[in-house]
Ligand SMILES: Cc1cc2nc3c(=O)[nH]c(=O)nc-3n(C[C@H](O)[C@H](O)[C@H](O)COP(=O)(O)O)c2cc1C
């Protein structure tokens, strides 16, 4: 059966270093036979969660904006490649806003005990996390990882593998590091193979 992988880009630069790594990983997934779609969070028009709590009782959010089609896409996908830079030691603001709007999934799963992702579907869902940081300092990925792991638990698409690249301020242009781009491709390919085999 055809498998769908979503590439979620947290960088505002749609042709920056994170975007290049994401595209290589998605190419790997396509070469493994998956269909892919990229969601560029920075191009979506939405507000942060306003805690209206409509989702306490309903399978969606009352805020009528670009997040509406996202719930179906994240619900239906088989795999996720989440690629983002570190900002202020954590998740870039717009991506964090995107994640927070998945309170819709949180309420369904933990409050109403009716998860939006079925047990059967959850068994095979996997995430590849790609993250880059400007600095090379201990713990630079700690903050972002906590939020990302919480998000992946909420949407029932567990972490499968990760590529964490520090020191981008020195590397500057990822194109100068074909080894890192190849790692992204190989992990995307491996994720795709895993999904198509399941
Ligand atoms: C607003 C902002 C905040 C940042 N905060 C951090 C930080 O806390 N730690 C760090 O190591 N790098 C930080 N960076 C650097 C980015 O992680 C780095 O430049 C990354 O390569 C950007 O990826 P991109 O060009 O694909 O968007 C920050 C960059 C921006 C623009």
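Computed from the coordinates by the stated procedures, all read-outs in this text should not be read as laboratory data. The model shown is predicted, which means the values in this text are computed figures rather than measured ones. No Cβ is skipped: glycine too gets one built from the backbone with ideal geometry, and neighbour counts run over all protein chains shown.
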Relative contact order [Cα under 8 Å, 6+ residues apart], the chain, whole percent | 31
With springs only between Cα atoms under 10 Å, which of 56, 24, 112 fluctuates most in a Gaussian network model of the chain?
-> 112
Rounded to the nearest 10, the angle in degrees between the Cα long axis of helix 142-154 and the longest principal axis of the Cα atoms of the chain comes to 40
If each part is reduced to its alpha-carbon centroid, region 31-58 and region 83-130 end up apart, in Å, by 9
For the chain, set up a Gaussian network in which alpha carbons nearer than 10 Å are linked by springs, and say which option among 170, 153, 36 fluctuates the most.
-> 170
Mean Cβ neighbour count within 10 Å, used as a protection proxy, ranking 87-96, 114-123 highest first = 87-96, 114-123
Note the angle between two axes, namely the Cα long axis of helix 17-31 and the longest principal axis of the Cα atoms of the chain, as a number of degrees from 0 to 90, rounded to the nearest 10.
-> 80
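For region 11-128, compute Rh as the Kirkwood radius over C-alpha pairs and then the Stokes-Einstein diffusion coefficient at 25 °C and 0.890 mPa s; write the answer in µm²/s, rounded to an integer.
Answer from the Stokes-Einstein relation: 157 µm²/s.
Taking the highest mean first, how do the peptides 4-12, 97-105 order by number of other beta carbon atoms within 10 angstrom per residue?
The most tightly packed comes first, giving 4-12, 97-105.
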For helix 178-197, what angle does its Cα long axis make with the longest principal axis of the chain, in degrees from 0 to 90 and rounded to 10?
-> 40
Kirkwood radius from Cα pairs of the chain plugged into Stokes-Einstein at 10 °C, 1.306 mPa s, gives D in µm²/s equal to 93
